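Asker: The structure's right below; bear with me while I get my questions together.
The values are calculated or read from the model by the stated rules, or taken from the named source; none is laboratory data. These numbers were taken from a predicted model, which means no experiment stands behind them. Please note: Cβ atoms are built from the backbone with ideal geometry, for glycine as well, and neighbour counts cover all protein chains shown.
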Amino acid sequence: MATYDAVVAGAGPAGSTAARLLAERGASVLLLDKQRFPRDKPCGGGVTLRAAAVQDIDLSPVIERTIYGARFSLRLGESFDRTYAKPLTYMTQRCRLDAHLAEKAAGAGAEFHDGESMRSVQADGLAGEQTSPSARPEALEGPRGATTPRSPKRPKPTPITIGTSHSTYNARVLIGADGANGVTARAAGLNPHSEEAVALEGNLPFSPDIPEDWREYVGIDLGGLAGGYGWVFPKSEHLNTGVGAWKYATFTLRPKLTQLCIRYGFDASRLENLRGHHLPLRTAHSPIAIGPIALVGDAAGLIDPLSGEGIHMAFASGRLAADHTLRYLAGETASMAGYERAVDAEVQPELDISRRLQELFHFAPPPYLALMRRSEKFWLFFCHLIRGELTYLDFVRMIGPLRVALDFFADVAQRRREARVSALVPLLRGL
């Protein structure tokens, strides 16, 4: 039976990033994906400059558009355009991006098996760790924030046994990058997702009846979807057109997508490759690691609630997972708990603030769109945020004591949304 330092399940942005970084530093790595590559993946395909900056490899071979402008509308009403002198975001397709990242991982020395799905995970004590608080990684390494001294006498852990559609492997570490409904989280008893959004998208091939300027702008329609928005993202040969909302509003997505197409003069019947997907959202301290197993990217629920963008957090979590895997392999730690703490310290604060801003924004979007249209200062702030020159944490520091007001009104907005959901769910069940 082949044995690896690490098996990475899922060759998306998070998994391939972790696999490449581990292989570059001398670890033996098996990278698995259930699909044959190149394969499509439901995703808008926007790569922010902030996301690109996290990567230390060139992404230009798979960038299809560089975007300098955005076309905004409110509830499919009148639209307005804003432009910026510098790039706002890049556009790619996941079939190309993921293949590029997996190729780089393989080039670094990772063994890449596409078309091979993970079926089972077995590890000593895993069942106990799922149910016993004393077996959580914190119990192995001490309380959060504590530092465990390196011990040369630490016993060598028993390998994880991983069954796939093709074979069986042993690994010292398993990194789950297999998405919101992946095998890794279920096998390890991890459930980091507190809430879920959903999205529906399709591709509209360019044709003479589509205005040429759609090749240069992203389209964003706000206010018409519960907690989400409609989008039009230009690629080299088509427009990726989609809608996203809270999971309870799933039934609205198909008609909303049709309405979005009609609003912009597109023929909805020409949409190709229509597909839906889940957007899991993690809350702070939700478990994403147990023993020698860790979740990254969508599997860990690391998605920006306000934008719905997950590629940046996939890159960031893949890098953190690689760093802490190397520490574990070197015997410096007893588990992957340090990875979870690093996510809570370095990634989750941004997601928490984004979640507060999401509640505020979708509670009353018209004032924010009015500012976007009429205030150059607000537009420039938005551009700096999108480009990664400012973070959500920077925004909180900028507003200072007004953070109290932000939290108060975000709480009000959240309670009102939850009240609407409570009233709506019984009606939906009766349909």
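Asker: Considering only residues that are among the small types (Gly, Ala, Ser) and touching a Ser or Thr at 6+ places or on another chain (Cβ under 7 Å), which ones fall in the stretch 261-281?
Answerer: The one that is among the small types (Gly, Ala, Ser) and touching a Ser or Thr at 6+ places or on another chain (Cβ under 7 Å): ALA268.
Asker: Out of the residues in the stretch 109-137 meeting the condition of being over 17 Å from GLY163 (Cα atoms), outside any helix (DSSP H, G or I) and of a type in the set (Gly, Ala, Ser), tell me which one is modelled with the lowest pLDDT.
Answerer: That would be SER132.
Asker: Another question about this same structure. State all residues of the stretch 66-98 that are out of contact with any helix residue (DSSP H, G or I) (no Cβ under 8 Å at 6 or more places or on another chain) and among the small types (Gly, Ala, Ser); if no residue qualifies, say none.
Answerer: Listed by number, the residues that qualify are GLY69, ALA70, GLY77, SER79, ALA85.
Asker: Hey, another quick one. I need a count of the residues in the stretch 99-108 that are of a type in the set (A, V, I, L, M), more than 22 Å from GLY44 (Cα to Cα) and in a helix (DSSP H, G or I).
Answerer: Number of matching residues: 2.
Asker: Looking at THR17, THR89, THR3, which one is within 20 Å of ASP323 (Cβ to Cβ) and either among the polar types (S, T, N, Q) or touching a Phe, Trp or Tyr at 6+ places or on another chain (Cβ under 6 Å) (or both)?
Answerer: THR17
Asker: Among the numbered conditions (1) acidic (Asp, Glu); (2) farther than 30 Å from LEU174 by Cα; (3) surrounded by 14 or more Cβ atoms within 10 Å (Cβ to Cβ), tell me where GLU418 comes up short.
Answerer: (3)
Asker: Given the criterion part of a strand (DSSP E or B), over 16 Å from the mean Cα position of the chain (by Cα) and either touching a residue at least 12 places away in the same chain (Cβ under 8 Å) or not assigned by TED's automatic domain parsing to the domain that holds ARG215 (or both), identify the matching residue among ARG39, ARG20, ARG96, ARG71.
Answerer: Answer to the selection: ARG71.
Every residue, every condition in (1) under 23 Å from LEU101 (Cα atoms); (2) surrounded by 18 or more Cβ atoms within 10 Å (Cβ to Cβ); (3) at pLDDT 95 or above; (4) more than 17 Å from the chain's Cα centre (by Cα), yes or no:
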site: LEU281; (1), (2), (3), (4): no, yes, no, no
site: ILE293; (1), (2), (3), (4): yes, yes, yes, yes
site: LEU326; (1), (2), (3), (4): yes, yes, yes, yes
site: GLU332; (1), (2), (3), (4): no, no, yes, yes
site: MET336; (1), (2), (3), (4): no, yes, yes, yes
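Asker: Let me ask something else about it. When you check ALA106 against the structure, is it of a type in the set (Gly, Ala, Ser), buried (at least 17 other Cβ atoms within 10 Å of the Cβ) and modelled with pLDDT of 95 or more, yes or no?
Answerer: yes
Asker: Contact list please: Cβ distance under 9 Å, first residue in the stretch 366-381 and assigned by TED's automatic domain parsing to the domain that holds LEU393 and among the polar types (S, T, N, Q), second residue in a helix (DSSP H, G or I) and surrounded by 12 or more Cβ atoms within 10 Å (Cβ to Cβ), pairs at least six apart or on different chains.
Answerer: Sorted first by the residue in the stretch 366-381, then by its partner, the pairs are SER375/PHE381.
Asker: Does GLY219 meet the test of being surrounded by fewer than 24 Cβ atoms within 10 Å (Cβ to Cβ), small (Gly, Ala, Ser) and modelled with pLDDT of 95 or more?
Answerer: yes
Asker: Applying the selection to the stretch 299-315, what residues are closer than 17 Å to GLY228 by Cα, surrounded by 24 or more Cβ atoms within 10 Å (Cβ to Cβ) and among the hydrophobic types (A, V, I, L, M, F, W, C)?
Answerer: Correct list: LEU302, ILE303.
Asker: Among residues belonging to the stretch 46-74 that are loosely packed, with under 15 Cβ neighbours inside 10 Å and of a type in the set (D, E, K, R), point out the one that is farthest from ASP221 (Cα to Cα).
Answerer: My answer is ASP56.
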